[in-house]
Every structure is written in C-alpha cells, then in structure tokens.
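The values are calculated or read from the model by the stated rules, or taken from the named source; none is laboratory data. Given the structure is predicted, the values throughout are model-derived calculations rather than measurements. FYI the Cβ positions are ideal-geometry reconstructions off the backbone, even for glycines, and counts take in every protein chain you see. For the accessible areas, the whole protein counts, side chains as well, though only heavy atoms, and no ligand, DNA or RNA atoms are used. Shrake-Rupley method; radii C 1.70, N 1.55, O 1.52, S 1.80 Å.
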Amino acid sequence: MGLSWRWQGSAGAFRATVGLLLLGLSVAQSISPQSCPAAAAPQALVQPHYQDTEGKDSSAGFMAPFVQSFLNTVQPNPFPKDLILKLLKLQDYKQVQSDQELLKEVLVYEVGFLVCVAIGIVYIVLVPVVGFFLACCRCCGNCGGKMYQKQTSSINCRRRTLYWTTFVTTVIILAGNICMFKSNEAVKVCVDQSQVKLNQTIDNIRSFLTAVPQQVNHVVNESFTTVEEVSRNLDAIGPQLGAEVKERFRGTLDPALNSVRLLDQETVNANLQLNTLNSSLAQLQSSTDRLQANVTNVRNQINQTLSKPNCIGCNILQPELQNLKLDTSIDTSSLNEFQSALDEIKKTNLKSQIKKVEDYFHSIPQRITNETKDVVQSSKQMLDNIKTQISQVTNNIPLSALNNVFETLNQAQRQIDMATSEVERAENIRWAVCVALSCVVLLVVVCSLLGLVLGPLGLSPKSNPTERSSTADCGGTFLMMSAGFSFLFSWLFMIAVLVLFLLGGNVYTLVCRPWSNGRLLEFIDTPGLIPGLDIGSTLGLKNNISISAIYSDCEKNQPLWTTLHLNELVNLDDLLNVSKYTQQIQQHFEDTDITLSSVTLLSPEVKNQLSSFPSKASSIDTTAFIQQMNSISSINLNTTAEKLDILANTQPNSDIQKELQNGARDLRQIQADIETTIIPQLKNLNSTIKSLGSIVEKINGTVGEVLSNVGAAQDFLNTNTTQIVKTESRKFMDCQLSYFIMYADWANITITQQVGRCGPVAEAVDSVEFIVCSHMVESLNAFWFSLGWCLIFFIPSIIFVIKLAKYYRRMKYSDVYDDHIPMNHIPRPQMKFS
C-alpha cells in the first residue's frame, strides 16, 4: 500500500508537469508562422523569334563618307520642315510658279545643288564645243595638228613629265572607274536582296502582331490556372486542412497513444512471463513431489534397519532420520492476485481504445470536408466571377486595332510581289546602262594605258621623229583615241551625273539624313500632315502619341503598355484587384464554424482500473519466493549419507552394514538427483521471477505515464481543438488568397513590362532605312560620284594625252638642229620608259 500511495502522489505531479509542457508546445506551434505550400509558378512569357534583317553588306557603303561629306558641303542647311509644309499646302505646280516668295525659298535652299548643276551645264556645253573647235583646228594644221616636232635639249624631260602626269591621271580615272563597277554591282545586289529583306521585315512585324494577343491570352490563361488550382485545393480542403490539424494534434496524441500501446505490450509480456512462471512452478512441484516420495521410502527403509536389535548404536540417527524430508512448498497466492490484475487490464481492451482514437484521428479530414461543403461551393462560384473579371483584360486592351495593321501589311506584301517583276526588269536595264557607261570610261582608260605602254616601248630617243617605229606611233594613236573618246562621251555622261546627282543628292538630304537624325519622324508627327494619323484618338487615349516617341520607346524594346500609354485606357489595378472577391471568400470561412466532436481517450472506469493496478502489482513478494527457493536449494542429504557410512563401518553384522551402506547410497543418489534436476529448475525459476519483477516495475511506470499523457492529451483536446481548427482554417484560406496576390503581381509585371516588346517595330523601320538609304541611295550616289570623278579628271587627261601623243607619233617633217650645240648621246634602255 505504501508503494501505491507514493505512486499516486508522484503521478499527480508528473502529470501536471507533462500537461503544462504539452500545452506550452501547442501554443508555441499555434503562433509560429507556417509557410504555404508552393504554388505552381506561372509560366514565363515566351518572346517570339524574329529573323535577322541587319546583315550589312560592306560594299554598299564603301564610298559613303566621301559622298556624304560632299553632299553635306553642297547642302549644309537643316531639314526644311516649314518649306515642305508650305509646298504640301499648294494644289499644283502653277501655284508654286505664282508664289515668288516660296519659289525664292526653294531656290535658296537648293542653291548648293544649283551651283553644281550650273557647273555641270557648263561642262556639258563647253566640252563638245571645245572638242569641235579643237578637231577643226587640228584638221587645219593648228593647235598641234601639224606633224612637226621641234627638237630641243629638254625634250626628253618634257616627255617624261607629261608621261608621268598622264599616268597618274589615268590611274585616278581607273580608280574611279573601278568604283563605278563596284557601286553599280552594289546597287544590283541591294535591289535583288531588298525583296527578301522587306519580306523578312514584314514577317517580323506579322510575328510581333501575332504574338501580342497570344501573350495577353497567356496572362489570362495563367489566371485560369491559378483559379483552377485554388478550386482544386478547396475541393481537397478535407485532406489538406485535415492534415494540418492532424499534425497539430500529433504532438499530444502520439505520446499518449504510444504509452497506451506500450502498456498493452507490457501487459501481454507480463502475462506471458506469468504463464511461464506458473509452468515452471508446476514442473518444480512435480519434481519435488517425486523426490519427496523417494526420500520417504529411503527413510522408512533406513528406520527399519536402525530399529533392528542387532544394529549397534543405531538409535543415535533415528531422530535425524525422523526430520529427514524435502520442504518444497512455494506460496503462489500473490501470483493469483497479480494474474487477476492483469486480467482486469486485458478486459479494458486497450487495443480497442487505441483503435477508437485512431479512427477519430483519421476521420478529421472527412469531418472537415462535411463541415465546409457549403462554403466551398460558394467560394467556387466567386472564383468563377474572378475568372470572368480577369478575362476582361482581353476586351479592354484594344487588340482589334492590330487587325488593321495586319491588313496593311498584307496589302504591302501584295504590292511588293506585284512590283517585283517590274523592278527586276528596270533594274536589269539600269544595270546594263551603267555597265555600258563604265565600259566606255574603261575604254578611255584602256586607250590611255595602251598608249602609255606602247609609246615608250617603240620610242628611240636618238631616232628622227619622222622615223619613229610603228609601235611608238600606235601608242600615240591610242592616246589620241583616248582624248577623242573623252571629248565624244564625257558631256553625255555629265548629263547622267547631273540627273543622278539631283535625284540621289536630294533623297539623301531630304530623306536619309533627317531619317537618321530623327528629324523625318518629327516631321511626320506634324498635326494634319497625314490625314487619319492620330494614334491617341484611334486607341481612345486622352493624349496623342507621336511616331517619334513610339520609335524611341521601341528602339529601347519597351512594352506596348509603356509605348502606347495603355494605362490611360486600361485600369489594370482595378482589373487585377481580386480582393473584393477574396475578402468575401475569407469572410465566409470566418463565419463558418468548423467543429470537431470531442473524443474520450480513456474512460473513467479504465483510468480507475489502471490507477489500481500498481497496488495489486505490488502484492508479488519476490523476496519470499527467493527465500523459499533458497531453502529448497539448501537441502543436503550427503551429510546424512556420510553418517550412515560411518555407522555402517562400526557394525559387526554384515547384513546391517550392507543395509546401512545401501541407504547412504540411496540418499546420495537422491541428492544427485536434486542437484541435476531441482537446482536448474530453481535457477530458471529464479530468473523468471526476477524478469517478472522487472516487468512489474515497468508496468507500474508505464501506467503512470499512460495516465499522465492521456490526461494531458485529453485536456489539450478539450481546450484547444476549436482554436486549432480555426487557426489552421485561416492559414489555409490565407494560402489560397496568397496565390491570387502572387498571380496579380506577376500579371501586372508581365503586362506592363513584357507583353508586346516592340523592338521589332523599330528594327523594321531601321531595316527599311537601311535598305533604302544605306544600300540603294548610298550605292547610287557612289556611282554618280565615281562617274563625276572620272569626268572631272577627263579634262587634264585630254590635255596631257594630246601633248604626250606628239612625242610618240611619227612626224611628217624633220626638224633641223642648227644651234651648233652638240646633243648628249642618251642610250636607249631595253625595257625602260623614256
């Protein structure tokens, strides 16, 4: 009873301590932050793949710096925005003629071109006139036409000077001619590639226009994904919320259930050990009963021998033989009481108690599902409203305006396809004409080069001018042919130079140069210049958007939200504000009372039975058992046997002696039987009793732990179940709403920073500018610049070749050397120009 009292006092303190610890742990868990399960991240916006349209051909602009420098000198004035606007307001050309002030402004602006045109006209007029008069004079024997050459001491020096000046001039003309061929080919390559590049540009714009609605739809579809994910979570609110609630209960229920399971297992073990002990006791009792019968028989036989009158001194052992017996009785009444205590615990059926609590524990998800059925249904209806609201993004953003751009692109594509054959035909004609011009210039160069090669090869400085070789004379003829071709074609070529100069020069100064510095886009932005070009009103914006601003933003690859100022048209914050729906959902969950019926872990009867178990278990007196077994093991029949042997040796009667010796032998045999049979059984029994005592002590401790843990868990469930369910419900709902907040932030960033990055639009404008200006105009300007270069150097070339030709041609008249100054003999080199 003392043990029981001590247990009840210490168990109460232990239970209170464990209960406080578990409650403190629960409170700490309830206030600790819990992260939401990771939602599926929205898929990143995929930007379309565009074709590369920036492949530059270096041959197209090889002379661009020279030509642009010349044109900037000819036309240094800035872009004439006001002048062009005045011209556009006039109805026809007659009004330009009548408006003298406007005509004066035009002439002043074009004064650089006019000066160049005047110079070209002078060239066109003077070159054929000079050539005609020169031809007439030479036919009359004047202007060097007379086939006579005066021989002086400086003639060789003059010839060499004329030779090298003619050679340098010819090389310069040849360089210009090479530039003509190269620029002409560059124009052809540009025209041939322009259709491909324009088609690539149109395809890029078409890809961009196609991608914008797809990107907007992608953002909207991601909202549907978020709504569907939250809807699935609401459908699975039982398993998800139930798992969290179960996890919160696990910290208190698991120790209680584990201690009950341990008690049940220890009870089973104690019962098995008790059965083993009873079996060992029965076996020991059987063995001792058999030995007791043997001892009784041997004692009776020895008493009969000792009682014979011829047994001398035998009466001394009779008292000892009367006390010779085996006291093998063991008191098992305490075991019976302990067995009854175990049976009472077995009757409580702890496994069924555990099963009841586990069933309650596992039924929490289904209970929550049943409790939240209505609020889940109403919340899913609100989720459908959220989907409808977010889908309005597609309707509010003016994507329909892209269809007009699509139609414009298709018309442009058709016009390009229709004009391709005509452009190719015209380009072939242009290329052939330019090749012919280049070949004529090359003919002049070739004639000059042939004259420069053949003249020195056939010239003998010592020979008489009338006896010059045919080779030298042929060289002089080629030089004259070069001069003749120059006079014949140069003025015609200058007409082509003027036409191309006026066309290409003005295109560069009025289109390409302002296009590159942005003045052209600013001019296009002039209000009223292009009817219907009001992007702001077309999109329904408060303010208009300039083309230059759009190009500037697209050059930075800005999104359409920034470029088109769509924030004036679409209130994105309102469209993506789902809080008005999520607050209703949250309020519905707050108003829903999710209740879980309480569960009794152990009934009061079971607790009473467990509480009384320690007092019943303490009835087992293991010390008494051990003392009884020690008394059995202390039996020693060998002492009595030795006394019988001593007595037998004193007997004169051999029969008495033999009978006493037989009795001693039987006692030793019984003692040997005790040591081989009884002693091992006693040792085994001793071990079983000690093991049972250890189990009893464990059961006592486990019972106390069960009562403490179950009491603390029961108090925790009764006190905190409702609060835990509310806390976890709030966390669950906050997690679902956080998914919408995360989506809204992602959608806002995506629409305002990623949707419709209009870099391809700026690249398309740059591509057209590159094709028109950097290829066509620059190549065309390079051609007339190269041709004009050659024509300018035709003038000194004509002078030099005419003067040089007389040093190689065969003269008709000999010059008489009459100054009486002997000439130095200059040997003729074999392969060296003289």
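Could we say that Lys726 is charged (D, E, K, R) and under 30 Å from Asn577 (Cβ atoms) here? In short, yes. Within the stretch 425-442, the set of residues being free of Cβ contacts under 8 Å to residues at least 60 places away in the same chain and open to solvent by 70 Å² or more (accessible area, probe 1.4 Å) comprises Arg425, Asn428, Ile429, Val433. State whether one or more residues within the stretch 256-263 are open to solvent by 30 Å² or more (accessible area, probe 1.4 Å), touching a helix residue (DSSP H, G or I) at 6+ places or on another chain (Cβ under 7 Å), hydrophobic (A, V, I, L, M, F, W, C) and more than 30 Å from Ile699 (Cα to Cα). No, the stretch 256-263 has no match at all. Of all residues in the stretch 488-532, which are in contact with a Ser or Thr (Cβ under 7 Å, 6 or more places away or on another chain), part of a helix (DSSP H, G or I) and either open to solvent by 50 Å² or more (accessible area, probe 1.4 Å) or among the charged types (D, E, K, R) (or both)? The answer is Glu522, and nothing else. Within the stretch 251-267, residues that are under 9 Å from Leu350 (Cβ atoms) and touching a residue at least 24 places away in the same chain (Cβ under 8 Å) sit with their Cβ atoms under 8 Å from residues that are open to solvent by 10 Å² or more (accessible area, probe 1.4 Å) and β-branched (Val, Ile, Thr), at 6+ positions apart or across chains, in these pairs: Val260/Ile354; Arg261/Ile354; Asp264/Ile354. Would you say Thr466 is touching a strand residue (DSSP E or B) at 6+ places or on another chain (Cβ under 8 Å), among the β-branched types (Val, Ile, Thr) and modelled with pLDDT under 90? The answer is yes for Thr466. Within the stretch 715-722, one or more residues are charged (D, E, K, R), in contact with a helix residue (DSSP H, G or I) (Cβ under 8 Å, 6 or more places away or on another chain) and over 20 Å from Arg367 (Cα atoms).
If only residues of the stretch 37-75 that are modelled with pLDDT of 65 or more, open to solvent by less than 90 Å² (accessible area, probe 1.4 Å) and within 33 Å of the chain's Cα centre (by Cα) are counted, the one that is farthest from Ser231 (Cα to Cα) is Thr53. Inspection of the stretch 334-355 finds a residue satisfying the criterion of being at pLDDT 75 or above and under 28 Å from Ile237 (Cα atoms). Whether any residue in the stretch 92-105 is surrounded by 14 or more Cβ atoms within 10 Å (Cβ to Cβ), at pLDDT below 85 and under 20 Å from Val74 (Cα atoms) is what I want to check. Yes, the stretch 92-105 has at least one match. Might you let me know whether the stretch 469-487 holds any residue that is under 16 Å from Leu452 (Cα atoms), outside any helix (DSSP H, G or I), open to solvent by 10 Å² or more (accessible area, probe 1.4 Å) and at pLDDT below 90? Yes, that holds for at least one residue.
Per-residue answers, yes or no, for (1) β-branched (Val, Ile, Thr); (2) at pLDDT below 75; (3) assigned to a loop (DSSP other than H, G, I, E, B):
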position: Asp553; (1), (2), (3): no, no, no
position: Asn577; (1), (2), (3): no, yes, yes
position: Lys580; (1), (2), (3): no, yes, no
position: Thr595; (1), (2), (3): yes, yes, yes
position: Thr600; (1), (2), (3): yes, yes, yes
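Taken over the stretch 513-541, the residue count meeting the criterion of being under 38 Å from the mean Cα position of the chain (by Cα) and at pLDDT below 75 is 6. Only one of the listed residues (Gln214, Gln200, Gln195) is open to solvent by 10 Å² or more (accessible area, probe 1.4 Å), part of a helix (DSSP H, G or I), farther than 30 Å from Asn370 by Cα and free of Cβ contacts under 8 Å to residues at least 12 places away in the same chain. That residue is Gln214. A search for C-beta distances below 6 Å between a residue of the stretch 160-172 that is closer than 18 Å to Arg809 by Cα and any residue that is assigned to a helix (DSSP H, G or I) and open to solvent by 80 Å² or more (accessible area, probe 1.4 Å), counting only pairs 6+ apart in sequence or on different chains, returns Leu162/Lys803.
Name every residue in the stretch 753-783 that is over 30 Å from Val219 (Cβ atoms) and either open to solvent by 10 Å² or more (accessible area, probe 1.4 Å) or within 34 Å of the chain's Cα centre (by Cα) (or both), in order of residue number.
Val768, Glu769, Phe770, Val772, Ser774, Met776, Val777, Glu778, Leu780
Within the set Leu272, Leu277, Leu281, the sole residue that is of a type outside the set (S, T, N, Q), surrounded by fewer than 18 Cβ atoms within 10 Å (Cβ to Cβ), under 17 Å from Ser691 (Cα atoms) and out of contact with any Lys or Arg (no Cβ under 9 Å at 6 or more places or on another chain) turns out to be Leu272. Just a yes or no: is a residue in the stretch 620-632 crowded, with 19+ Cβ neighbours inside 10 Å, more than 36 Å from the chain's Cα centre (by Cα) and modelled with pLDDT of 75 or more? Within the stretch 620-632 (the criterion being crowded, with 19+ Cβ neighbours inside 10 Å, more than 36 Å from the chain's Cα centre (by Cα) and modelled with pLDDT of 75 or more), the answer is no, since none of the residues qualifies.
Hey, does the stretch 775-794 have a residue that's out of contact with any helix residue (DSSP H, G or I) (no Cβ under 8 Å at 6 or more places or on another chain) and either within 30 Å of Val67 (Cβ to Cβ) or part of a helix (DSSP H, G or I) (or both)? Yes: the stretch 775-794 contains one or more residues that are out of contact with any helix residue (DSSP H, G or I) (no Cβ under 8 Å at 6 or more places or on another chain) and either within 30 Å of Val67 (Cβ to Cβ) or part of a helix (DSSP H, G or I) (or both). For the stretch 417-436, the set of residues classified as in contact with a helix residue (DSSP H, G or I) (Cβ under 6 Å, 6 or more places away or on another chain) and modelled with pLDDT under 80 consists of Thr420 only.
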